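Beneath this line is the structure, given in structure tokens, with notes to follow.
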Amino acid sequence: MPVQILINTDYKQGQLSSLQLAVRDLQADADCDGMLVHLVDHPYLAPALVQEMIRRFYETKKRIIVPRYHGKRGHPVIFSNTLFGELLSAPMAEGAKAVVNAHRAETLEIDTQEEGIAVDIDTPELYQQHVRRV
């Protein structure tokens, strides 16, 4: 698959600014049905879960797909292209959560046994705790 790298020069505005950069780029693609948002600080992601999420996105036509581990929502999240406008106008302080919260009835939560969807590694100390030894 071709890869395109986008550079967010406004990164200091917060995480949402990076997501909005991607949304603006994807809006130009008439074949784009949605986007899967996967954060780099959530490194433990099973490819089978991603495939399941994509399958259920097309099957159910829900606008948001989010995995859930023991009742806790995690990442990645799929957003339908019908939500791109709302993602572009979401409040910077709330980020994409504002869009997710506004569309609870249009969200499919997929229960999974993949603990990695809830593992958020934000510091070097957490990284050391979660490094998998080969």
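Is one or more of the residues making up the range 83-90 exposed (fewer than 11 other Cβ atoms within 10 Å of the Cβ) and in contact (Cβ under 8 Å) with a residue 24 or more places away in the chain?
So in the range 83-90, the residues exposed (fewer than 11 other Cβ atoms within 10 Å of the Cβ) come out as 89.
Within this subset, residues satisfying the condition of being in contact (Cβ under 8 Å) with a residue 24 or more places away in the chain are none.
Within the range 83-90, none of the residues are exposed (fewer than 11 other Cβ atoms within 10 Å of the Cβ) and in contact (Cβ under 8 Å) with a residue 24 or more places away in the chain.
Answer yes or no: is there a residue in the range 38-49 that is of a type outside the set (Asp, Glu), under 16 Å from GLN15 (Cα atoms) and modelled with pLDDT of 90 or more. Yes, the conditions are met somewhere in the range 38-49.
Give the range 94-103 a look and list any residue that's without any contact (Cβ under 8 Å) to a residue 40 or more places away in the chain and hydrophobic (A, V, I, L, M, F, W, C), or say none. Of everything in the range 94-103, those that are without any contact (Cβ under 8 Å) to a residue 40 or more places away in the chain and hydrophobic (A, V, I, L, M, F, W, C) turn out to be ALA98, VAL99, VAL100, ALA102.
Scan the range 27-59 for residues that are part of a helix (DSSP H, G or I) and surrounded by 14 or more Cβ atoms within 10 Å (Cβ to Cβ) and the total you get is 7.
Quick check, is PHE57 over 22 Å from LEU6 (Cα atoms) and either among the aromatic types (Phe, Trp, Tyr) or touching a Ser or Thr at 6+ places or on another chain (Cβ under 9 Å) (or both)? Steps first, answer last, please.
On the way: over 22 Å from LEU6 (Cα atoms): yes; either among the aromatic types (Phe, Trp, Tyr) or touching a Ser or Thr at 6+ places or on another chain (Cβ under 9 Å) (or both): yes.
Here the answer is yes, as PHE57 does meet what is asked.
Only one of the listed residues (GLY116, GLY95) is surrounded by 14 or more Cβ atoms within 10 Å (Cβ to Cβ) and on the phi > 0 side of the Ramachandran plot. That residue is GLY95.
Of all residues in the range 60-81, exactly one satisfies the criterion of being part of a helix (DSSP H, G or I) and either of a type in the set (A, V, I, L, M) or out of contact with any helix residue (DSSP H, G or I) (no Cβ under 9 Å at 6 or more places or on another chain) (or both), namely THR60.
Reported count of residues in the range 116-134, each being in a helix (DSSP H, G or I), over 16 Å from the mean Cα position of the chain (by Cα) and not hydroxyl-bearing (Ser, Thr, Tyr), is 6.
The values are calculated or read from the model by the stated rules, or taken from the named source; none is laboratory data. Keep in mind it's a predicted model, so treat the numbers as computed, not measured. Note: ideal-geometry Cβ built from the backbone for every residue, glycine included; neighbour counts use all protein chains shown.
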